[in-house]
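The values are calculated or read from the model by the stated rules, or taken from the named source; none is laboratory data. Computed from a predicted model, the values in this text were never measured in an experiment. Cβ coordinates were reconstructed from backbone atoms using ideal geometry, including for glycine residues, and neighbour counts include every protein chain displayed. All accessible areas refer to the heavy atoms of the entire protein, side chains included, with ligands and DNA or RNA removed. Shrake-Rupley method; radii C 1.70, N 1.55, O 1.52, S 1.80 Å.
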Amino acid sequence: MLEVEQVHQYYASSHTLRGVSLTLAKGECLALLGRNGVGKTTLLNCLTGVLPVARGKVRLDGRDITRLAPHERARLGIAYVPQGRDIFARLTVEENLLMGMACRRGRDARRIDGEVLELFPVLGDMLRRRGGDLSGGQQQQLAIARALLARPRLLILDEPTEGIQPSIIKDIERVIRLLRQRGDIAILLCEQYFDFARALADQFIVLSRGEVVAAGDPAQMDGEDVRRHLAV
């Protein structure tokens, strides 16, 4: 599904990504961990095409997408839920959801999948409300639902639990677990909430100063070396 091979990135004279590699298969969830400022969001921006890759390769289902524009990657099945959600505050919930279907064609791009509203039933009751009137947790649910309406093969989530109340975190965990069980989507989860990530991940990597310093399966996430790179 997703292959990242020796990706490097720079910001001015700073070497922000240093030979990052990872693989992620369909039906798996990979947790991307690390302190603030270690390059996690930079890596996600490279995967979505928001930032260019200075060196290295990004492949999706064996196809080299390293130089493709963001909209081209979206059409290939990459959906991104950014940190901070980035919903359209002045648009209604329904209009926000329709924006997520922009890469779909014809009539299919104007019909909201009932399955997505079943995953987040609160949104079905708020279709006429403006996005900016929703709570932070409801906005996060809206952002994830919007991404799912693109029918992605790869779903990238950047800090989905940030600033969210515990009850909605449980709802988001339930949805991610269900998506994993379906087996037709790969999930890259960038997360600071350790227990949330450990509960969902099939594998993990830890970044520090732009490079991978630890990787493994959930049983290894409690290791002293991993926690040392996550502690503030």
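Which residues, counting only those in the range 148-163, are of a type outside the set (Ser, Thr, Tyr) and over 18 Å from residue 110 (Cβ atoms)? Passing the criteria: 152, 153, 154, 155, 156, 157, 158, 159, 160, 162, 163.
What residue, of 90, 111, is surrounded by fewer than 13 Cβ atoms within 10 Å (Cβ to Cβ) and touching a residue at least 40 places away in the same chain (Cβ under 8 Å)?
90
So which of 174, 128, 182, 105 is surrounded by fewer than 12 Cβ atoms within 10 Å (Cβ to Cβ) and in contact with a helix residue (DSSP H, G or I) (Cβ under 8 Å, 6 or more places away or on another chain)?
Working: 174 fails: in contact with a helix residue (DSSP H, G or I) (Cβ under 8 Å, 6 or more places away or on another chain); 182 fails: in contact with a helix residue (DSSP H, G or I) (Cβ under 8 Å, 6 or more places away or on another chain); 105 fails: in contact with a helix residue (DSSP H, G or I) (Cβ under 8 Å, 6 or more places away or on another chain).
128 is the lone residue from the list that is surrounded by fewer than 12 Cβ atoms within 10 Å (Cβ to Cβ) and in contact with a helix residue (DSSP H, G or I) (Cβ under 8 Å, 6 or more places away or on another chain).
Determine whether residue 68 is surrounded by 14 or more Cβ atoms within 10 Å (Cβ to Cβ), under 19 Å from residue 190 (Cβ atoms) and in contact (Cβ under 8 Å) with a residue 12 or more places away in the chain. The answer is no for residue 68.
Just the residues that are over 22 Å from residue 221 (Cβ atoms) and at pLDDT 90 or above, please, taken from the range 155-177. Quick ask: steps written out before the conclusion?
Here is the first cut: in the range 155-177, the residues over 22 Å from residue 221 (Cβ atoms) are 163, 165, 167-168, 171.
If the condition is that a residue be over 22 Å from residue 221 (Cβ atoms) and at pLDDT 90 or above, then 165, 167, 168, 171 are the ones that fit.
Residue 40 fulfils the conditions (1) more than 15 Å from the chain's Cα centre (by Cα); (2) at pLDDT below 95; (3) under 18 Å from residue 188 (Cα atoms) except for a single criterion, (1). Condition check for residue 113 on (1) farther than 28 Å from residue 59 by Cα; (2) modelled with pLDDT of 90 or more: one failure, at (2).
Of everything in the range 204-232, what is β-branched (Val, Ile, Thr) and either closer than 24 Å to residue 55 by Cβ or surrounded by fewer than 13 Cβ atoms within 10 Å (Cβ to Cβ) (or both)? Give them in sequence order.
To start, the set of residues in the range 204-232 that are β-branched (Val, Ile, Thr) comprises 205-206, 212-213, 226, 232.
Listed by number, the residues that qualify are 205, 206, 212, 213, 232.
Just to be sure I understand, how many residues within the range 1-54 are assigned to a strand (DSSP E or B), at positive phi and open to solvent by 50 Å² or more (accessible area, probe 1.4 Å)?
Keep residues of the range 1-54 that are assigned to a strand (DSSP E or B), which gives 2-11, 14-24, 29-33.
In the following step, the residues that additionally are at positive phi were identified as 6, 19.
Applying the additional criterion that residues be open to solvent by 50 Å² or more (accessible area, probe 1.4 Å) yields 6.
Residues in the range 1-54 being assigned to a strand (DSSP E or B), at positive phi and open to solvent by 50 Å² or more (accessible area, probe 1.4 Å): 1 in total.
Looking for something without any contact (Cβ under 8 Å) to a residue 60 or more places away in the chain, part of a helix (DSSP H, G or I) and among the β-branched types (Val, Ile, Thr) - is there at least one such residue anywhere in the range 173-184? Among the residues of the range 173-184, at least one is without any contact (Cβ under 8 Å) to a residue 60 or more places away in the chain, part of a helix (DSSP H, G or I) and among the β-branched types (Val, Ile, Thr), which makes the answer yes.
For residue 145, indicate whether it is modelled with pLDDT of 95 or more and either touching a Phe, Trp or Tyr at 6+ places or on another chain (Cβ under 8 Å) or surrounded by fewer than 17 Cβ atoms within 10 Å (Cβ to Cβ) (or both). Spelling it out, residue 145 is indeed modelled with pLDDT of 95 or more and either touching a Phe, Trp or Tyr at 6+ places or on another chain (Cβ under 8 Å) or surrounded by fewer than 17 Cβ atoms within 10 Å (Cβ to Cβ) (or both).
Residues checked against (1) over 16 Å from the mean Cα position of the chain (by Cα); (2) not polar (S, T, N, Q):
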position	(1), (2)
150	no, yes
169	no, yes
181	yes, no
185	no, yes
191	no, yes
197	no, yes
200	no, yes
210	yes, yes
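Residue by residue through the range 152-171, note down the ones that are in contact (Cβ under 8 Å) with a residue 40 or more places away in the chain, open to solvent by 10 Å² or more (accessible area, probe 1.4 Å) and closer than 23 Å to residue 47 by Cβ. Please lay out each step first, then the result.
At the first step, the residues of the range 152-171 found to be in contact (Cβ under 8 Å) with a residue 40 or more places away in the chain are 152-160, 162, 171.
When the remaining residues are screened for being open to solvent by 10 Å² or more (accessible area, probe 1.4 Å), the result is 152-153, 159, 162, 171.
Selection gives 152, 153, 159, 162.
Residues in the range 185-203 that are open to solvent by 10 Å² or more (accessible area, probe 1.4 Å) and assigned to a helix (DSSP H, G or I): 194, 195, 198, 199.
Say whether the condition of being basic (Lys, Arg), within 27 Å of residue 34 (Cβ to Cβ) and touching a strand residue (DSSP E or B) at 6+ places or on another chain (Cβ under 7 Å) is met by at least one residue in the range 157-175. No, because not a single residue in the range 157-175 is basic (Lys, Arg), within 27 Å of residue 34 (Cβ to Cβ) and touching a strand residue (DSSP E or B) at 6+ places or on another chain (Cβ under 7 Å).
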